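The values are calculated or read from the model by the stated rules, or taken from the named source; none is laboratory data. Here the structure is a predicted model, which means the values were calculated and not measured. Cβ atoms come from the backbone with ideal geometry, glycine included; neighbour counts cover every protein chain shown.
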Amino acid sequence: MPSIDPIPRALVPVDSAAADALGAPNYDEFQSDREVWELIQANPASVLRATMPHCDAPTFEGIGEDDSDEALAHAKQVMAQIVADSRTREVRDLLWVYELTSPERPQIRQIGLGGMARTAEIRTPQNPQGTIIRNEGIREPKARGRARLTQATHADMGTVNLAVDDASGALDAALIAHADANSPSFVTTDEGGSKHRVWLAQDAAARGRLRDLLMREPRAYVADGNHRSAAAAMLGYEHFLTVFFPAATMTIAPYNRLMANDVPALGDVRSQLGKSFDVQQLTPEPYQPERTHEIGFYDATTWWRLKPRAGTFDPADAAQDIDADIVQRKLFADVFGIHDARDDRLTFVGANHDERWLQSEVDTGRFRYAVTLPAVTMRQFIDVCLQDRLMPPKSTWFVPKIRSGLVMALLG
């Protein structure tokens, strides 16, 4: 069973106005440093100044180097300012209830229990009985960068999103009952219109009831934050900041791709892609597939629908059944010679940029091709975890995203 412990020292906004000022998207939700820099200019109190310190510069041309000693020293200084800011306060021994609702599905309340999870419970080859299942490969430099930032700021600012089965619905019902019986401590709305409500659960009896319900779960799955959890383990920390959400309330959105201009140009699209896919020409309108095993491909003049042919994947292998894996093997590798998903010729685009944006990137000549994929289903995601397989890189984009800066753990 996964454990949850209170945060010994939590830093939180004092009210909703402070949450508006401090809150920010996670560092990995951006396509470029320019997007980060522009958001810092619009919200100069944003916690992005600490989570992406190299982008905290008076001019865009002044942006520094990510993970440099200078950036980390600046992050330490900014974090000290945030701690001292009148818009934040310290809370001891904190669990919290966190609700997210998006304008696309306002009737669904994604609500979870926040606190500290234990790194000793992460499943690894050395700990095969771990109850927190990580399902994505870790890039050590990326995890090392997050670890260096945590050390520099003496704070855990990146919340890991963990999903639990909650087969009975008891945890979800208890969290909703707690929220409905109490006024939220603060409320904020993000750039995409999603609402974030936080209840600081400091009553010992309430904390105990919610904690006991969570600890009845057989396992948890890392939905967002594999590198953030890996950074804590890398540092030898006993805990990492997290929220546990019932899986049934969570939504996975599409995670698409762009291909750089230096990939080979295709001649006859239908014949070159037809070896592994059934190929259908579509209208010029941007195409975002909604069904599993339907893939979009845009070549600057035409959108095509690709359907993987029998034999291109093993449906009994949960990881191979993911369309991102099929595209990596049968399109990127076999057709374009891109055998590594980390190749710089591939750019991964989350659902905060839609298919029209992808098409515009190709039409303006910044990229040669766009590839759109259907969203992974929650069932596919859990099946990969239960088979102890790894999800293809950049295949799940959970929405809404946990907001940085609403609850932070002060360390040391």
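Below are the figures for this structure:
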| quantity | calculated |
| --- | --- |
| Residue count, segment 73-94 (criterion: in a strand (DSSP E or B), β-branched (Val, Ile, Thr) and out of contact with any helix residue (DSSP H, G or I) (no Cβ under 9 Å at 6 or more places or on another chain)) | 1 |
| Count of segment 113-148 residues which are touching a helix residue (DSSP H, G or I) at 6+ places or on another chain (Cβ under 6 Å), of a type outside the set (Lys, Arg) and under 14 Å from residue 27 (Cβ atoms) | 2 |
| Unmet criterion (only one of (1) under 16 Å from residue 372 (Cα atoms); (2) among the polar types (S, T, N, Q); (3) out of contact with any helix residue (DSSP H, G or I) (no Cβ under 9 Å at 6 or more places or on another chain)) for residue 272 | (1) |
| Checking residue 342 against (1) modelled with pLDDT of 95 or more; (2) in the same structural domain as residue 263 (by TED's automatic domain parsing); (3) under 17 Å from residue 136 (Cβ atoms), the condition it does not meet | (1) |
| Condition check for residue 292: of a type in the set (Val, Ile, Thr), at pLDDT 95 or above and either surrounded by fewer than 18 Cβ atoms within 10 Å (Cβ to Cβ) or not in a strand (DSSP E or B) (or both) | yes |
| 1 or more residues assigned by TED's automatic domain parsing to the domain that holds residue 198, of a type in the set (D, E, K, R) and surrounded by 22 or more Cβ atoms within 10 Å (Cβ to Cβ): qualifying helices (runs of 4 or more DSSP H) within segment 1-60 | 48-51 |
| Selection within segment 224-251 - hydrophobic (A, V, I, L, M, F, W, C) and assigned to a helix (DSSP H, G or I) | 230, 231, 232, 233, 234, 247, 248 |
| Checklist (1) more than 27 Å from the chain's Cα centre (by Cα); (2) aliphatic (A, V, I, L, M); (3) outside the structural domain of residue 348 (by TED's automatic domain parsing) applied to residue 241, failing item | (1) |
| Residue in segment 183-202 that is in a helix (DSSP H, G or I) and assigned by TED's automatic domain parsing to the domain that holds residue 20 present | no |
| Answer residue from segment 102-127, given it is farther than 13 Å from residue 4 by Cβ and under 16 Å from the mean Cα position of the chain (by Cα) and is surrounded by the most Cβ atoms within 10 Å (Cβ to Cβ) among those | 110 |
| Yes/no for residue 117 being in a strand (DSSP E or B), touching a residue at least 12 places away in the same chain (Cβ under 8 Å) and over 18 Å from residue 396 (Cβ atoms) | yes |
| Selected residue (only one of 403, 368, 329, 345 is within 15 Å of the chain's Cα centre (by Cα) and either under 23 Å from residue 273 (Cα atoms) or buried (at least 17 other Cβ atoms within 10 Å of the Cβ) (or both)) | 403 |
| Condition met for residue 263 (crowded, with 16+ Cβ neighbours inside 10 Å, at negative phi and part of a loop (DSSP other than H, G, I, E, B)) | yes |
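A quick yes/no check of all residues on (1) in contact with a Leu (Cβ under 8 Å, 6 or more places away or on another chain); (2) surrounded by fewer than 21 Cβ atoms within 10 Å (Cβ to Cβ); (3) closer than 18 Å to residue 6 by Cβ:
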residue: 170; (1), (2), (3): yes, yes, no
residue: 173; (1), (2), (3): no, yes, no
residue: 183; (1), (2), (3): no, yes, no
residue: 206; (1), (2), (3): no, yes, yes
residue: 209; (1), (2), (3): no, yes, yes
residue: 230; (1), (2), (3): no, no, no
residue: 236; (1), (2), (3): no, yes, no
